[in-house]
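What follows is a single structure, written as structure tokens, with notes after it.
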Amino acid sequence: MYRSLLVQLLKAFPYLQSVLDDTDIVPRSQQDCPNINALKELLRSAVTALGQRSFTSFIDALDECDEQEVRDMVEFFEDLAEITTEGGIQFRVCFSSRPYPYIDMHRGALLVLEDELGHGDDLAEYVKTRLKIHSRSLLAELQSQILDKAAGIFMWIVLVVDILNEESRQGALALRTRLAGIPPKLSDLFRSILARDEKEPERLLICILWVLCAKRPLSPGEFRHAVWAGLLDQRLSDPDLPDNTDQDAVALVTSSSKGLVEVTKSKQPTVQFIHESSKRESAACIPGETYGYPFFAALAGGHKVTAAALLGLPSMTCDGVDIFEVARALANGHGPLAQLLLNNGADFNARDKFGRTELMLASQDGHEEVARLLIEKGADVHARDSDGRTALIWASEKGHEAVARLLIDKGADVNAQTNNKGTALIWASENEHEAVARLLIDKGADVHARDSDGRTALIWAS
């Protein structure tokens, strides 16, 4: 996204291309695309060089992005907006998102579509054109009931229209009854869709797991092959995969997911949930799947045989000890399995796509025991993620006093700064974590330190 915005800006105002000559951001020896932090700096430099020209950016579908990426992006644009305001530059950014996840912004105007005039008319038009019922009087009756029950939630209407259209194709004998039985809350509707019949539950489970757990979005063909392979293991599909057509793949996506998964309309279509809240609710409906991996789902669900199979083990017994409960403990943030994994060579300095180490993640979530184990094994308390945050900054931002104290006792720098010059004290003050702020000050944190916008901890706390 940063690269796309930068390219559009440089094409519109070619004189801004001089920002690319800054070798502090992009070394002359670099041949590939700059990393995300360099792209941010290039975009910042280009926008602040606009002078009297105005620039408005529209960024859509925040709800389809990773939550951490969204928070980082909003923070970046808030900082950029303050810089441009102080410099008299006409810079505006408009974000659009569904209600989940909630995006918290310190400044800006919030426009809620459901509260705007005309939104109800749009919903009524959607029902009128998409609900396939031949009787005009019945159509009008159901349309009125749907709109009343939806309470302005478009996603609820989309799902309900599909349900009623399916009922209509089967003879339309119980449309009123079917609508009356549909729960008004979107979360309850998702659950009822997943549990509404017993037809091919194995296919549904395989579908949901693949969309939830795939490291990247699958193409329709890949999805079809994955579902076929999963069913083949259970002897529920033909031994040979039939010839694939686009129409077959799309039909499989819809039928396997009961309408919760769709094929995107793009040059290179992929399979995704119809909405991020579908992913959240689907995960909640599969015990433990909120952990993101089938293995943790098996742990949370208490399925020992499945967990052993996923680990490639004959059982969950190791040297006469049942490690199943230990594994479940780690999935909930406890230490015994962390100890087991570390003793068997687990890489405690591995990083995720945001550059966060295991110690940072443990500190972020407040898992003191796991953090202590990692430090004892040699985890670097000074390591930084892609935004310059240390484990102490993460613990301070989230208000985990015990973890912050542990990190300081183990040598963490209380005055380390992020890429935006934010310190642990600034982060603790911004998020109103008084106990952590008091600890940091007692341990020598600089109360006069300023972030890249000149704000101190006191300013953030005010």
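Summary of values
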| read-out | value |
| --- | --- |
| Length gained when the stretch A180-L20 is fully extended (0.36 nm per residue, less Cα-Cα span) | 51.5 nm |
| Exposure proxy order (Cβ contacts within 10 Å, fewest to most) of L110, L209, L439 | L110, L209, L439 |
| Charge dipole (debye, nearest 20) of the range 2-111; +1 at Cβ of Lys and Arg, -1 at Cβ of Asp and Glu | 520 |
| Distance (nanometres) between label positions extended 7 Å along Cα→Cβ at N420 and A109 | 2.4 |
| Segments 441-451, 379-389 sorted - mean Cβ within 10 Å per residue, highest first | 379-389, 441-451 |
| Entries of K398/K421; K149/K265; K398/K443 with Cα pairs more than 20 Å apart | K149/K265 |
| Theoretical FRET efficiency, 1/(1+(r/R0)^6), r = Cβ-Cβ of E125 and D453, R0 41 Å, to 0.05 | 0.35 |
| Peptides ranked, highest mean first, by Cβ atoms within 10 Å: ranges 22-28, 88-94 | 88-94, 22-28 |
| Estimated FRET transfer efficiency when R0 is 41 angstrom, pair D409-E78 (beta carbons, to 0.05) | 0.75 |
| Mean separation of Cα contacts under 8 Å (6+ apart) over length of the range 115-184, as relative contact order % | 31 |
| Sites Q52 and N165 - FRET efficiency at Förster radius 60 Å, r taken between beta-carbons, to 0.05 | 0.65 |
| Virtual spin-label span in nm between N35 and S135, 7 Å along Cα→Cβ | 6.5 |
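No value in this document is a laboratory result; all are computed from the given coordinates. Keep in mind it's a predicted model, so treat the numbers as computed, not measured. Positions of Cβ are generated from backbone atoms using ideal geometry, with glycine treated the same way; all protein chains shown enter the neighbour counts.
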